Amino acid sequence: MAQQLLEERHALIWHGEQVFAHALAKQVIHKPKVTVWIILLPLLFLFFMQDLKKYKNGIRDFVEGFLKNKKIALDLAFNAVVDGASLEKTVAAFGADSRPDNAAERTLHQKQMREIECLAAHFRQLLNSNGQTYEALVRNSYISPGKYKTFQDRLFELEAAVIEAALQARPAEIDTGALVAQMQSAMRTLRRQQRDHIFKS
């Protein structure tokens, strides 16, 4: 397969992942609201601008964190397809190169590698599919919404396992239960909407 075509598909897939991550971030991180007092009182406007900057930084940081494993998996799948190499061996080699010493970090690494394996197989499937848009690549790859939902459900389980392992390996200073529940609820809703959009278009 021509590398230029693969690069175009890589770009479509990456853009699709970024769109989803930004939509999720906006569901989880709340934008500060403008009130009439902010306009009338300069000091409140200053605080609003500081909050807005924190919001924008929060969105950026959330998106970067959420996409980290997705980017790794997409690049591994792309390299394996371009090189005509075994995806399983490519992913295994990556995992072997980044194995931590700490027990909790090792558990987190194992969970992340399972997510990366699942995503890399998904991305390889999309890279080998046909379509001029992200939606077309998914539709032509999975054929039915039921098959795509099976992938989405599996990915959700793996992402949840990564979050749980991350919280055990790096305990947060605040109670994250409500935030994680909110994020997971938003993920389910957005993925259902995405699936409906892909298979109705």
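Annotations for the structure displayed:
- Over 31 Å apart at the Cα level, from the set K53/K89; K70/K200; K68/K89; K89/K200; K53/K111; K53/K147, are K53/K89; K89/K200; K53/K111; K53/K147.
- Convex hull of alpha carbon positions in the stretch 76-131: directionally averaged projected area 3.8 nm².
- Kirkwood radius for the chain, taken over all pairs of different Cα atoms as the inverse mean of 1/r, rounds to 18.8 Å.
- If the chain linking Q182 and Q132 were pulled fully straight, counting 0.36 nm for each residue of separation and taking away their Cα-Cα distance, it would gain 14.7 nm.
- Take every Cα pair under 8 Å whose residues are at least 6 apart in sequence, average their separation, divide by the length of the stretch 3-200, and the relative contact order is 26 percent.
- Degrees, to the nearest 10: 103-127 long Cα axis against longest axis of the chain: 70
- Principal-axis tilt of helix 3-28 within the chain, Cα atoms, nearest 10 degrees: 30
- On Cα atoms only, tilt of 42-83 relative to the major axis of the chain in degrees: 0
- With a simple spin-label model that places each label point 7 Å from the Cα along the Cα-to-Cβ direction, the separation between L190 and E8 comes to 2.8 nm.
- Note on R60 and H15: with the Förster distance fixed at 22 Å, the Cβ-Cβ geometry gives a FRET efficiency of about 0.85.
- Shape call, the stretch 45-141: gyration tensor on alpha carbons, a/c limit 1.5: oblate
None of the figures in this text is laboratory data; all of them are computed from the coordinates on show. Because the structure is a prediction, the values reported are computed rather than measured. All Cβ positions, glycine included, derive from the backbone under ideal geometry; neighbour counts span all protein chains shown.
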